[in-house]
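Remarks on the structure that follows.
The values are calculated or read from the model by the stated rules, or taken from the named source; none is laboratory data. This one's a predicted model, so the numbers in the text were calculated from it and none came from an experiment. Don't worry about glycine lacking a Cβ; one is built from the backbone with ideal geometry, like all the others, and counts go over all protein chains shown.
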Amino acid sequence: EKRTRIDQVLATKPIGEIITVKGWVRSFRNNQFIAVNDGSDFDSLQIVINRESLSSDTLKKIHPGAAVGAKGTLTESQGRGQAVELKADELIVYGEADPETYPIQPKKHTKEFLRENAHLRFRTNTFGAIFRIRHELSYAIHKFFHERKFYYLHSPIITASDAEGAGEMFRVTTLDPNNPPLTTDGQVDLKKDFFGRETNLTVSGQLEAELAALALGQVYTFGPTFRAENSHTSRHLAEFWMVEPEVAFNDINDNMDLAEDMLKYLINYVLEHCRKDLQFLHNAAEKEDSQKPKNQRPDMGLIDRLEFCLEQDFARITYTEAIDILMNSKPNKKKKFNYVIEGWGADLQSEHERYLVEKHFKKPVILYNYPKDIKSFYMKVNDDNKTVRAMDILFPGIGEIIGGSEREENLDVLKSRMKEMNIPMEELYWYLDIRKYGSCPHSGYGLGFERMVQFVTGMSNIRDVIPFPRTPGNASF
Ligand code: 4AD
Ligand code: MG
């Protein structure tokens, strides 16, 4: 029997028509009302079963989690909470779910519990909403760049270079770790490895995006990236998705404009296209927050926060100005920060970033012109020879959501920066070549996709916005 998706049923309300729906039981009340959800919509459809026409055997199989199909007439609902319901004449149970062992019951589960049952958490209201929003957000990213005539560049996942120069890469090898081939002087013979050399999972598609941008004009990547950093925080994953636009002839200010436009476009898209899911997450967060002590409650609800962000020009300040603000801030003077800022040159921790955003400016902040010693080798050095044209965008509740820069396009300056920072030059000959042939100013940035999903869904833990999180010590599937 051809099924009708429940979102269609709820949107078009074909009263009087005979239709078939298929999905999973969310709840079963009074031996008569089944709430069926098929993932197409936040809402479930109420199925009213005709007990006379059902065998008692079938009736016994209806429990939360079971997969069912129902055929019948769509009618106006007498009950509260729904406009329509399906009067089912036929009901099939495709697959049972033993109520003694099925973990997802029609009640509130903690996020920790659901993380342990990540294989089944898709079946909850919360994770249904999150993953629908995640989908819409990825579509909106492609739409934004497509509308602006950017090309989607598929950068490699296996690479031979460390794009960030931070040494946090996962090795890729086909050699047997217990019995690797050795050279005559007893070293592991990398020539015998699959690629004939050392390879890793990519930490960023930026360097490849630069090659393409200096020919195609403007490109973006959107793919998985990998970092073997041993961070146990609510904002770090070992495998995360990054969006990296790169534009020829853009300087750092153009770069900030593009990033701010993009973030607002994405927020607006989700507000327009994910209303039901957002409203549910908004209400759930409000309920949770109302149980917190007053001083820990956020000053805005989820949807209000998104709308508020759209209305603001992001603050744009230099690193030097930020250090000034932080040095004069109460938590720094009273040594309330875990890392007290001693002066210019200090790397900012997330507590400092969040102070600037949440306490000082109370809106998103773009920080630029960082000390060169705390940033990557490829960033353009300013005339002061102390700072580079880096920019980070800081968001409320998240901290750094975007990191980017204008790139060093001068071959000699880039070479001396690489030397200073011990970046292997021979291996990156291809990266240097685009400075040798037709070099030009260019800029780009990376948006941490999961941090963006965190921001729009209000989830405090990054593990709850990616279907199968990878973190230190955790890769269960
Ligand atoms: O600041 P990052 O390291 O910048 C780059 O990788 C540049 N190559 C980007 C570019 O200019 N094309 O990372 C960019 C963003 C961060 O701002 C953060 O949002 C996210 O990626 N990110 C992570 N997200 C989740 N887990 C991690 N371990 C992350 N590391 C970075
Ligand atoms: Mg960064």
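Looking only at the range 220-245, which residues are of a type in the set (A, V, I, L, M, F, W, C) and more than 6 Å from ligand 1 (Cβ to nearest atom)?
Initial filter on the range 220-245 (of a type in the set (A, V, I, L, M, F, W, C)): 222, 226, 228, 237-238, 240-243.
PHE222, PHE226, ALA228, ALA238, TRP241, VAL243 - these are the residues of the range 220-245 that are of a type in the set (A, V, I, L, M, F, W, C) and more than 6 Å from ligand 1 (Cβ to nearest atom).
In the range 411-474, which helices (runs of 4 or more DSSP H) lie fully inside it and hold 3 or more residues that are outside the structural domain of GLU307 (by TED's automatic domain parsing) and among the polar types (S, T, N, Q)? Outline the logic, then answer.
Values: elements: 411-420, 429-436, 449-457.
Result: empty, no element qualifies.
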- State whether one or more residues within the range 376-386 are of a type outside the set (Asp, Glu), within 27 Å of SER460 (Cβ to Cβ) and within 11 Å of ligand 2 (Cβ to nearest atom). no
- Message: For the range 444-461: of the residues being within 15 Å of ligand 2 (Cβ to nearest atom) and not aromatic (Phe, Trp, Tyr), which is nearest to the chain's Cα centre (by Cα)?
- Response: GLU450
- With respect to ARG121, determine if the residue is basic (Lys, Arg) and surrounded by 13 or more Cβ atoms within 10 Å (Cβ to Cβ). yes
- Message: Looking only at the range 355-368, count every residue that is surrounded by 20 or more Cβ atoms within 10 Å (Cβ to Cβ) and free of Cβ contacts under 8 Å to residues at least 60 places away in the same chain and tell me the total.
- Response: 5
- Qualifying residues in the range 202-221 (those that are in contact with an Asp or Glu (Cβ under 8 Å, 6 or more places away or on another chain) and of a type in the set (A, V, I, L, M)) - the one farthest from GLY403 (Cα to Cα): ALA212
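One line per residue, one yes/no per condition, for (1) closer than 20 Å to THR221 by Cβ; (2) within 16 Å of ligand 2 (Cβ to nearest atom); (3) surrounded by 23 or more Cβ atoms within 10 Å (Cβ to Cβ):
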residue	(1), (2), (3)
GLY404	yes, yes, yes
ASN410	no, no, no
SER416	no, no, no
LEU428	yes, no, no
- Query: Within the range 181-199, is even one residue within 16 Å of ligand 1 (Cβ to nearest atom) and in a loop (DSSP other than H, G, I, E, B)?
  - Reply: no
- What number goes with the only condition from (1) outside any helix (DSSP H, G or I); (2) at pLDDT 95 or above that LYS292 does not pass? (2)
- Message: Can you tell me which of (1) within 22 Å of PRO331 (Cα to Cα); (2) of a type in the set (Asp, Glu); (3) in a loop (DSSP other than H, G, I, E, B); (4) more than 15 Å from ligand 1 (Cβ to nearest atom) is the one ASP384 doesn't meet?
- Response: (1)
